[in-house]
Amino acid sequence: MTALTRLTVTEARLFLRDPAAVLLSLGLGPVLLVVFGSIPFFREPQAAYGGARIVDFYLPTLIAMTVAMLGLSLLSGSLAGYRELGVLRRLATTPVPPIRLLTAQLLVHLLMVTAATVVLMALGRLVAGVPLPGNPFAALLSFLLTTLAIFGLGLLIAAVAPTTKAAQGIGTITFFPLMFLAGLWTPGPLMPELVRRIGEFTPLGAGTQAMQAAWSGDWPNPLHLAVTAVFAAAAIFGATKLFRWQ
């Protein structure tokens, strides 16, 4: 077993020991999906959505919301908490480089968000008859790029935040505008054109629209894939450069 594997397994065990983190990761999205799926209006085809149902349209948005909660709140708060408690200072006396710890945290949260997405897709299929992605490869690519972009932002927050509260505060301030532009409260087709256009240049707005296109069986707009890829590369690079042990 490599050093990275051992560190990842240890981080995964620590994550699973926190019931609130597990519940938030796996519970909130499915609860919202069940609520949306139980509303008759949400289950009827809508002309504004090109004949699709609102609940079908919302599934990628709920996946994006789960990615954002894990990346901007749990991931950033976890690493900032390590710094606050002096765990990072003790790790600094070992041969463990920062990139290995960041990679282990990234892998643990990627596993959790993948599990949460599988639960959402299965529940959506069983409870509301939400179809599986019409273009699975594009859906997987869009999901991975969106996740890396948001997790990269989470790592960037964790790299500079001195305490857990500071990290969670920055994460919360970042979460709500990004989720608004991703269409959580006002679905994309109902947004003003200018707001929708702005959302296309944010990681969650672009990622959500890319996943929605893949769910419909289309190939995502290259702009949306490029935006998420650029955010992912820039944020992860910045996190590795700015990360400090104390």
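The values are calculated or read from the model by the stated rules, or taken from the named source; none is laboratory data. Here the structure is a predicted model, which means the values were calculated and not measured. Ideal geometry is used to build each Cβ from the backbone, glycine not excepted, and the neighbour counts take in all protein chains shown. Just so you know, the surface numbers come from the protein's heavy atoms only, side chains and all, with ligands and any DNA or RNA stripped out. Shrake-Rupley method; radii C 1.70, N 1.55, O 1.52, S 1.80 Å.
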Which of 87, 160, 113 is most accessible, then next, and so on - probe 1.4 Å
160, 87, 113
Taking a crude spin-label model, label points 7 Å out from Cα along the C-beta direction, the residue 85 to residue 9 distance in nm is 2.1
Run the simple label-point estimate for residue 190 and residue 144 please: 7 Å along Cα→C-beta, distance reported in nm.
3.4
To the nearest 20 debye, what charge dipole does the chain have about its Cα centre, counting +1 at the Cβ of each Lys and Arg and -1 at the Cβ of each Asp and Glu?
780
Apply 1/(1 + (r/R0)^6) to the Cβ-Cβ distance of residue 172 and residue 126, taking R0 = 30 Å, and write down the FRET efficiency to the nearest 0.05.
0.40
What angle, in degrees between 0 and 90 and rounded to the nearest 10, separates the Cα long axis of helix 3-16 from the longest principal axis of the Cα atoms of the chain?
60
Candidate residues 198, 236: accessible-area rank, largest first, probe 1.4 Å:
198, 236
Residue-normalised value, i.e. accessible area per residue, for the chain at 1.4 Å probe, in Å², stands at 46
Using the Karplus curve 6.51 cos²θ - 1.76 cosθ + 1.60 with θ = phi - 60°, what ³J(HN,Hα) values do you get for each residue of the range 80-85, in whole Hz, with x for Gly and Pro?
5, x, 4, 5, 5, 8
Residue of 64, 149, 116 that the Gaussian network model of the chain assigns the largest fluctuation, springs spanning Cα pairs under 10 Å:
116
Two decimals is fine: what's Rg over Rh for the range 73-144, C-alpha atoms, Kirkwood radius as Rh?
1.18
Among 128, 36, 77, whose Cα lies farthest out toward the positive end of the dipole of the range 15-131, if unit charges sit on the beta carbon of Lys, Arg (+1) and Asp, Glu (-1)?
77
Taking a quarter of the surface of the convex hull around the Cα atoms of the chain, what do you get in nm²?
13.1
Quick one: 3J(HN,Hα) in Hz for the range 144-159, Karplus 6.51/-1.76/1.60 with θ = phi - 60°, rounded, Gly and Pro as x.
5, 5, 5, 5, 5, 5, 6, 5, x, 5, x, 5, 5, 4, 5, 5
Pull up all non-local amide H partners of residue 53: gap of 5 or more, or a different chain, and H-to-H distance under 5 Å with H placed in the peptide plane.
46
Place a point 7 Å from the Cα of residue 223 in the direction of its beta carbon; the residues of the range 166-208 whose amide N falls under 12 Å from it are 194-202, 206
Quick one: accessible surface of residue 63, probe radius 1.4 Å, all protein chains present, in square angstrom to the nearest 10.
0
Round to a whole angstrom and tell me the spacing of the C-alpha centers of the range 144-160 and the range 22-93.
14
With a 1.4 angstrom probe the carbon and sulfur portion of accessible area for the range 45-98, in percent, totals 63
For residue 115 and residue 163 in the same chain, what is the full-extension length gain: residue separation times 0.36 nm, less their Cα-Cα distance, in nm?
14.5 nm
